[in-house]
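> Please read through the structure below; I'll follow up with questions.
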Amino acid sequence: MKKFLKITGIIIVIIGLAFVFAPSYLKKALIYQYVDIDDHDIFETSTVKAGSPLPWNLAKDYNRITIKDSLKKKMEIYKTIAYLVIQNDSIKYEEYWDTYSDSSLSNAFSATKSIISLLVGCAIDDGNIKSLDQKVIDFFPEFAGGYGNELTIKDLLTMSSGLNWDESYGSPFSKTTQAYYGNNLKKLIFELKVTEKPAQKFNYLSGNTQLLGFILEKATGKSLSEYASEKLWKPLGAQHDALWYLDKKDGMEKAYCCFTSNARDFARIGKLLLDSGRCNGKQIVPASYIAQLSQADTFLSDENNKKVDYYSLHWWIADYNGMKVTYARGILGQYIFVIPEMNAIVVRLGHERDKAYKNHHPLDVYTYLDIAMQILEKNKK
C-alpha cells in the first residue's frame with residue numbers, strides 16, 4: 001500500500017508540473033475541453049454594433065404549423081436551441097429550447113467563415129481589395145517565395161491555399177486548438193508556409209479564413225468588428241449587437257469561428273443572399289459577388305479526386321429535392337440555409353450535429369430542410 005501511494009503521489013506531482021509548465025492555450029483547452037456555444041463567457045470579445053433595427057414581420061400563420069413528432073424528436077436529439085423559418089420576409093415558425101430566446105447569444109462557429117466571405121465582397125466593392133485574384137503577398141510579403149508567390153484571395157476563399165495548417169479538432173496540440181484557446185493569432189498565422197501548389201486541391205482549413213481576417217484588417221484599416229458593423233450589421237438592420245471572440249484583450253478577432261448572435265439576426269445574412277446583396281433599397285454586397293456564392297468551384301478536386309461541387313467562396317452548396325440550397329455551417333450544427341425557390345431562409349442553432357455525412361453534408365442538414373418543407377408554402381413567393 002505504501003508503495004502504491006508513493007507511485008500515485010509521484011504521478012500526481014508529474015501531472016501537476018506538466019500542467020504548470022504547459023502553454024497557456026493548452027491549460028485552457030484542458031480546463032474547458034470541447035468548444036461550447038456559450039464560450040463568450042470565457043474569452044475577451046469585441047462588439048459588432050447594430051444600428052436602427054428592421055424588425056421581421058410575423059406571417060399570418062405564424063407558429064400554427066405542427067411539426068411531425070418524428071422530425072421534432074430528431075431535432076431535439078441534436079440539442080437544438082433555436083429553429084427559425086422565414087418566407088417572403090415574414091417569420092412563419094420559430095421555436096427555442098433550454099431557456100434560449102430570440103435574443104440569446106450563440107456562437108456561429110464556422111458559419112462565421114461565410115460572414116468573412118461577405119466582408120471580402122464589401123472590401124472588393126470598396127476598392128480595398130482589387131479582386132479575388134489579388135495576391136496575398138500584396139498585403140503580406142511574409143508569404144513570398146515558392147508557392148507563396150501564387151497564393152490569391154480566391155485560393156483562401158475556396159479552401160485551396162496549400163497552407164500547412166493542421167485542421168484537427170480532437171488534438172489539444174493542433175493549430176485549430178491553439179487558435180481557439182491561444183492568445184496570439186498573428187504568430188500562429190504568420191508561421192504558416194504554402195507547402196502545396198494553390199488552386200489545385202480542396203482542403204478545408206480554418207487558417208485560410210484567419211489569414212483573410214488579417215488581410216481585411218490591413219486592407220480596410222479597421223478591425224473586423226468595426227468593418228462588419230459598418231458594412232453588414234447596421235445596413236442589414238440587426239436588432240442586437242453581436243460579439244466576436246478575440247485572441248486577447250484589444251486583440252484580433254477569431255475570424256474563422258467566433259461571430260456570436262441570435263437566430264433572427266443570423267437570418268439577415270441569409271436574406272442578403274436571397275436578395276442578391278440588397279437590403280432596404282441599398283446594395284450592400286455586389287450582386288455579382290453574391291451570385292458566385294452559389295456556384296461550386298468544380299475546377300478543384302478533393303481528397304478523393306472528386307470534383308468539388310459542394311463548396312464555393314466559404315459557403316456550402318447542397319442539392320435538396322432538386323433545389324439548390326446555399327448555406328453557412330458551424331461545427332455544432334449552426335446553419336443558415338438560403339432556399340431561393342421557396343424565397344425562404346432557415347436558421348438552426350444548437351449544441352450538436354450529426355457525425356455522418358451524405359454528399360459532403362452532415363445528415364442533420366436534411367432533417368432541418370425536411371422540417372422546413374413541412375412549414376413552407378411551396379413555390380409561393
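A quick yes/no check of all residues on (1) under 19 Å from Cys258 (Cβ atoms); (2) within 20 Å of the chain's Cα centre (by Cα):
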| position | (1), (2) |
| --- | --- |
| Trp165 | yes, yes |
| Gln178 | yes, yes |
| Tyr181 | yes, yes |
| Lys186 | yes, yes |
| Ile189 | yes, yes |
| Ala199 | no, no |
| Phe202 | no, yes |
| Ser206 | yes, yes |
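> Kindly indicate which of Glu150, Glu196, Glu167 is within 23 Å of Leu313 (Cβ to Cβ), among the acidic types (Asp, Glu) and in contact with a Ser or Thr (Cβ under 7 Å, 6 or more places away or on another chain). Outline the logic, then answer.
Numbers: Glu150 fails: in contact with a Ser or Thr (Cβ under 7 Å, 6 or more places away or on another chain); Glu196 fails: in contact with a Ser or Thr (Cβ under 7 Å, 6 or more places away or on another chain).
Just one listed residue meets the conditions, Glu167.
> Please state which one of Glu196, Glu142, Glu167, Glu191 is under 22 Å from Val120 (Cα atoms) and assigned by TED's automatic domain parsing to the domain that holds Cys257. Spell out the reasoning first.
Numbers: Glu196 fails: under 22 Å from Val120 (Cα atoms); Glu167 fails: under 22 Å from Val120 (Cα atoms); Glu191 fails: under 22 Å from Val120 (Cα atoms).
The conditions single out Glu142.
> Name the helices (runs of 4 or more DSSP H) wholly within region 262-381 that hold at least 1 residues that are within 30 Å of Gly127 (Cβ to Cβ) and not basic (Lys, Arg)?
On the way: elements: 263-274, 287-292, 363-375.
By residue number, 263-274, 287-292.
> Follow-up. Specify which of the listed residues (Ile129, Ile153) is in the same structural domain as Leu205 (by TED's automatic domain parsing), among the aliphatic types (A, V, I, L, M) and out of contact with any strand residue (DSSP E or B) (no Cβ under 9 Å at 6 or more places or on another chain).
On the way: Ile153 fails: out of contact with any strand residue (DSSP E or B) (no Cβ under 9 Å at 6 or more places or on another chain).
One residue alone meets the criteria, Ile129.
> Right, something else. Considering only residues of region 160-187 that are at pLDDT 95 or above and assigned to a helix (DSSP H, G or I), which is surrounded by the most Cβ atoms within 10 Å (Cβ to Cβ)?
Leu185
> Can you tell me which residue among Ile137, Ile91, Ile77, Ile129 is aliphatic (A, V, I, L, M), over 21 Å from the mean Cα position of the chain (by Cα) and under 24 Å from Val35 (Cα atoms)?
Criteria check complete, one pass: Ile77.
Residues checked against (1) more than 22 Å from Pro286 (Cβ to Cβ); (2) more than 20 Å from the chain's Cα centre (by Cα); (3) assigned by TED's automatic domain parsing to the domain that holds Pro141; (4) part of a helix (DSSP H, G or I):
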site	(1), (2), (3), (4)
Glu217	no, no, yes, yes
Ala228	no, no, yes, yes
Trp244	yes, no, yes, no
Ala255	no, no, yes, no
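Conditions tested, residue by residue: (1) modelled with pLDDT of 95 or more; (2) assigned by TED's automatic domain parsing to the domain that holds Ile116; (3) farther than 29 Å from Lys201 by Cα; (4) of a type in the set (Asp, Glu).
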position: Asn280; (1), (2), (3), (4): no, yes, yes, no
position: Gln295; (1), (2), (3), (4): no, yes, no, no
position: Ser301; (1), (2), (3), (4): no, yes, no, no
position: Val346; (1), (2), (3), (4): yes, yes, yes, no
position: Asn359; (1), (2), (3), (4): no, yes, no, no
position: Val365; (1), (2), (3), (4): yes, yes, no, no
position: Lys380; (1), (2), (3), (4): no, no, yes, no
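> If you check Ala238 against the conditions, is it part of a helix (DSSP H, G or I), surrounded by 23 or more Cβ atoms within 10 Å (Cβ to Cβ) and assigned by TED's automatic domain parsing to the domain that holds Leu272? It would help to see each step written out before you state the result.
Numbers: part of a helix (DSSP H, G or I): no; surrounded by 23 or more Cβ atoms within 10 Å (Cβ to Cβ): yes; assigned by TED's automatic domain parsing to the domain that holds Leu272: yes.
The answer is no for Ala238.
> Test Gly322 against the criterion of being assigned by TED's automatic domain parsing to the domain that holds Glu76 and within 14 Å of the chain's Cα centre (by Cα), and give yes or no.
Values: assigned by TED's automatic domain parsing to the domain that holds Glu76: yes; within 14 Å of the chain's Cα centre (by Cα): no.
It is false that Gly322 is assigned by TED's automatic domain parsing to the domain that holds Glu76 and within 14 Å of the chain's Cα centre (by Cα).
The values are calculated or read from the model by the stated rules, or taken from the named source; none is laboratory data. Values in this document were obtained by computation on a predicted structure and should not be read as measured data. With ideal geometry, Cβ positions are generated from the backbone for all residues, glycine too; neighbour counts draw on all protein chains shown.
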